[in-house]
Amino acid sequence: MDEKKELPTRKPTRLKSFDYSSNGVYFITICTQNRKNILSTITDVGEGSPLPRLSHYGKIVDKWIQELPNQYPEISVDRYVIMPNHIHLLLCIAKDSGRGDPSPTVDAAMGWLKYQATKEINKLRTTTGERVFQRSFYDHIVRNYDDYCEISKYIHENPMKWYDKHLNT
């Protein structure tokens, strides 16, 4: 019997009818393909505050995160951390650049970041077309100041939580 196997349907990752180019702050998480630990290692620097030590690939990602505001003047990155297999960012869009151009969307900015980093990483590892990141990304629209503070704290403490979790396994 030849039955067609149904593939799982991807859940939409974006909030319907929300303008992702509107002024606001967005919490973004980007994961590496197959959650491979290729971007950094978390090391204890001896002061009770484990920090990411970036790999060559992580340094490339860091460079392109810092280039985002040059590519998109309406965008700033308030806080970010490059973990072994994912990245957290607090991304701000402010439409008052005065350029008259349409503001970039979160999708466009994250697509650009992932494309630039992937292109350079694949050149370094002499491959073409190999995925570095998962297809999409997680986003959360920051609702208010308390939400912002909680997420900022989460990003700051993420290396410590990673270190503690992996130290005890």
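Couple of notes before you dig in:
- Selection within the range 51-68 - of a type in the set (Gly, Ala, Ser) and within 13 Å of GLU120 (Cα to Cα): GLY58
- The residue pairs whose first member lies in the range 109-130 and is within 30 Å of VAL25 (Cα to Cα) and among the small types (Gly, Ala, Ser), whose second member is exposed (fewer than 11 other Cβ atoms within 10 Å of the Cβ) and modelled with pLDDT under 90, and whose beta carbons are closer than 6 Å, counting only pairs six or more residues apart or on different chains, do not exist in this structure.
- One residue from PRO104, PRO73, PRO159 being in contact with a strand residue (DSSP E or B) (Cβ under 9 Å, 6 or more places away or on another chain) and farther than 29 Å from ASP44 by Cβ: PRO104
- Lone qualifier among TYR57, TYR72, TYR80 - being at pLDDT 95 or above and closer than 27 Å to VAL142 by Cα: TYR80
- Exclusive hit being under 20 Å from ILE60 (Cβ atoms) and surrounded by 14 or more Cβ atoms within 10 Å (Cβ to Cβ), set TRP112, TRP162: TRP112
The values are calculated or read from the model by the stated rules, or taken from the named source; none is laboratory data. Just so you know, these numbers come straight off a predicted model, no measurement behind them. Backbone-built Cβ (ideal geometry, glycine too); neighbour counts: all protein chains shown.
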